[in-house]
Amino acid sequence: MQQPFVMTMSAKRAYREFILLTTIQHPNIIRLLNAFTPDSTLANFREVYLVMELMTHNLHEVIHRLR
């Protein structure tokens, strides 16, 4: 999603996804642990960094291991 916080509807959707990712607990879904921005003011707000659980394998490895 390009610039998800420019339009109100896109910002609401991104926020809803953040909330879902922090509350859903399922072995097949990586949880969102935290989200933050390096920007100091709302006028400069351009980036959001997501802190998620560490996955020790990539999806390709997991799929091939299950075969």
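The values are calculated or read from the model by the stated rules, or taken from the named source; none is laboratory data. As the structure is a prediction and not an experimental result, all values here were calculated from the model. Using ideal geometry, Cβ is built from the backbone for each residue, glycine included, and neighbour counts are taken over all protein chains shown.
Among residues of the stretch 16-37 that are under 14 Å from Val48 (Cβ atoms), those with a Cβ under 6 angstrom from a residue that is loosely packed, with under 10 Cβ neighbours inside 10 Å, sequence gap 6+ or separate chain, pair up as Phe36/Tyr49. Candidates are the residues of the stretch 4-50 that are part of a helix (DSSP H, G or I) and β-branched (Val, Ile, Thr); the one that is modelled with the lowest pLDDT is Thr8. Scan the stretch 15-43 for residues that are surrounded by 11 or more Cβ atoms within 10 Å (Cβ to Cβ) and either under 15 Å from Phe5 (Cα atoms) or charged (D, E, K, R) (or both) and jot them down. Residues satisfying the conditions are Tyr15, Glu17, Phe18, Arg31, Ala35, Thr37, Asp39.
Scanning the stretch 44-67 for residues that are surrounded by 10 or more Cβ atoms within 10 Å (Cβ to Cβ) and not charged (D, E, K, R) gives Asn44, Phe45, Val48, Leu50, Val51, Met52, Met55, His57, Val62, Ile63.
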